[in-house]
Amino acid sequence: MKDLGELKFFLGIEFSRSEKGILMSQRKYALELILESGLEGAKPACTPLEMNQKLTSVQYDEHIYKTVAEDDKLLTDPTKYQRLVGRLLYLTMTRPALAFSVQVLSQFMHSPKQSHMDVALRVVIYVKEAPGLGLLMPTEDTNKLLAYCDSNWGACLETRRSVTGYLVKYGGALISWKSKKQETVSRSSAEAEFRSMVVCVAEITWLIGLLQGTGNQCKASCKPDM
């Protein structure tokens, strides 16, 4: 074994140390993504997705999907979209705010359309606003495990399934988060919220067991956004 000194860069993740803690970011990776996408001169966006934006893989039908543009055709080269979404997926390691939008975009990897590519590029433009944003692992000494969960009822336009979202913090550090489509259709927003809580509680239970196995005792609490 060899001591390489203080960790500063590993697998595209940069580590910066200070009195407040350790900051994990992918600034270099994000700047390379912006440059590769040709968006270095674009104006940054304030959100990854536009409000109430719905994406679908269905082709244009004026009787059903009137909001789908007639020129919204399948991409001739889907590999560009697949590569872009794959790189965005890796960026979610330190950018939890991208989890929902990347989860939406990853549903269309098999047959992406121009509208999907436009939204993926908007996510890159959002990253451009703060490429150095990342996760802070604070130095505070606490054993409190805090979780937040929420759901987006009927978020998927095609399957009508809701999306579960949660994040878990240990002390002041964010250690787990997820945005995933639910396995079944919820008949009400309340049902979707309860399903979200079930997934979040399962994650908390697993984390408590993991922490106790390493000799740490923690106090857990879950706060649904209802």
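Below, the figures for the structure above:
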read-out	value
Under 12 Å, Cβ to Cβ, from Glu158 - net charge with Lys/Arg +1 and Asp/Glu -1	+4
Fully extended contour minus Cα-Cα distance, from Lys181 to Thr79, at 0.36 nm per residue	34.3 nm
Helical mean residue ellipticity (222 nm; -39500 (n - 2.57) per DSSP H run of 4+; nearest 500) of the chain	-10500 deg cm²/dmol
Too-long pairs where the Cα-Cα distance tops 20 Å, listed order kept, from Lys8/Lys28; Lys43/Lys178; Lys28/Lys181	Lys43/Lys178; Lys28/Lys181
Full-extension gain in nm, Gln53 to Glu158, via 0.36 nm per residue minus C-alpha separation	36.4 nm
With all protein chains modelled, accessible area of Tyr29 [1.4 Å, Å²]	40
Excluding exposed DSSP-loop GluC sites (Glu not before Pro) (at most 16 other C-beta within 10 Å), longest clean stretch of the chain	71-139
Cα long-axis angle, helix 27-36 against the chain (0 to 90 degrees, to the nearest 10)	20
Spin-label pair Glu40/Glu191, simplified geometry with 7 Å Cα→Cβ offset, distance in nm	5.2
Sequence-distant residues sharing a close amide H with Ile13 (under 5 Å, placed H)	none
Computed Rg/Rh of segment 93-178, alpha carbon atoms with Kirkwood Rh	1.05
Amide proton proximity set for Lys113, modelled H, under 5 Å, gap of 5+	Leu75
Accessible-area order (highest first, 1.4 angstrom probe) of the listed residues Asp77, Asp3	Asp3, Asp77
Heavy-atom accessible surface of segment 79-130: percent carbon and sulfur, 1.4 Å	61
Solvent-accessible area per residue for the chain (1.4 angstrom probe, square angstrom)	61
Difference of contour (0.36 nm per residue) and Cα-Cα distance, Glu32 to Asp141	35.7 nm
Whole-angstrom Cα spans of the chain along principal axes, big to small	60, 44, 32
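The values are calculated or read from the model by the stated rules, or taken from the named source; none is laboratory data. Small disclaimer: the values here were computed from a predicted structure and weren't measured. Note that each Cβ is placed from the backbone with ideal geometry, even for glycine, and that neighbours are counted across all protein chains shown. What goes into the accessible areas is simple: the full protein's heavy atoms, side chains included, and nothing from ligands, DNA or RNA. Shrake-Rupley method; radii C 1.70, N 1.55, O 1.52, S 1.80 Å.
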